[in-house]
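Colleague: Here it is, the structure, as structure tokens.
The values are calculated or read from the model by the stated rules, or taken from the named source; none is laboratory data. Every value quoted in this text rests on a predicted model; they were computed, and no experiment measured them. Every residue, glycine among them, receives a Cβ derived from its backbone with ideal geometry; neighbour counts consider all protein chains shown. Please note that ligands, DNA and RNA were not included when accessible areas were found on the heavy atoms of the full protein model with its side chains. Shrake-Rupley method; radii C 1.70, N 1.55, O 1.52, S 1.80 Å.
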Amino acid sequence: IASAIIGMVISAIYICVLMKIEKNIKSVVDLEIEVFLKPLAQIPLKEIDKKDKNIKSELICYDSEKTEMSKAFKTLRTNLQFLSVNNEKQNKVILVTSSMPFEGKSYIASNMAISFAEIGKKVVLIDADMNSGRLDKLFNLPNNLGLSNYLSGLDANGVETNEFLNKFIR
């Protein structure tokens, strides 16, 4: 009995020490405490059914105006605009990235671009994912010329091209 009690006490102490040492950020409050920054917006990720043929359902801002998700993108847009209120004439670049695949980069970038376009801002959305880009499918665009063609100076057949940037923007 004494061994069982000592084992439980040691285990409880070990768990408490691990919880104090652990630095994983699990919530917005943890983020604010650890890095002293406030998030611009909390955007809920929409679960995408792999069998769903309607990939356009990811375009929340385009499809539905009054959902919680579209309001989150409008909040993000507004907060980004207030960040640069003094630099109104300056061009802005927003990079959406993550360390792992399937974390919602295309979802966030496309809906943020739609949100800015809705208020009359000029938007260029670049799909720089060379392995598994999805923006051509989301916006139903041809995938024969893209960023890699522009950077290499070669067309889809490998022939050198001197196309202007406007040829690559859709």
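Colleague: Quick one: how many residues across segment 129-155 are part of a loop (DSSP other than H, G, I, E, B) and of a type in the set (Gly, Ala, Ser)?
Modeller: Looking only at that region, the number is 4.
Colleague: Applying the selection to segment 108-134, what residues are farther than 15 Å from LEU95 by Cβ, surrounded by 12 or more Cβ atoms within 10 Å (Cβ to Cβ) and modelled with pLDDT under 85?
Modeller: GLY133, ARG134
Colleague: Scanning segment 156-170 for residues that are assigned to a loop (DSSP other than H, G, I, E, B) and within 29 Å of PHE73 (Cα to Cα), which turns out least open to solvent (accessible area, probe 1.4 Å)?
Modeller: My answer is PHE168.
Colleague: What is the residue count in segment 135-146 for residues that are open to solvent by 70 Å² or more (accessible area, probe 1.4 Å) and either among the basic types (Lys, Arg) or farther than 22 Å from THR161 by Cα (or both)?
Modeller: Residues flagged as open to solvent by 70 Å² or more (accessible area, probe 1.4 Å) and either among the basic types (Lys, Arg) or farther than 22 Å from THR161 by Cα (or both) within segment 135-146 amount to 2.
Colleague: Among (1) touching a residue at least 60 places away in the same chain (Cβ under 8 Å); (2) farther than 24 Å from THR75 by Cβ, there is one condition ILE108 misses while meeting the rest; what is its number?
Modeller: The single condition ILE108 does not satisfy is (2).
Colleague: Right, next: Looking only at segment 54-107, how many residues end up being open to solvent by 30 Å² or more (accessible area, probe 1.4 Å), more than 16 Å from GLY120 (Cα to Cα), modelled with pLDDT of 75 or more and part of a helix (DSSP H, G or I)?
Modeller: 8
Colleague: I've got another one for you. Assuming LEU37 fulfils every condition listed in (1) at pLDDT below 80; (2) open to solvent by 90 Å² or more (accessible area, probe 1.4 Å); (3) under 28 Å from ARG134 (Cβ atoms) apart from one, which condition is it?
Modeller: For LEU37, the exception is condition (3).
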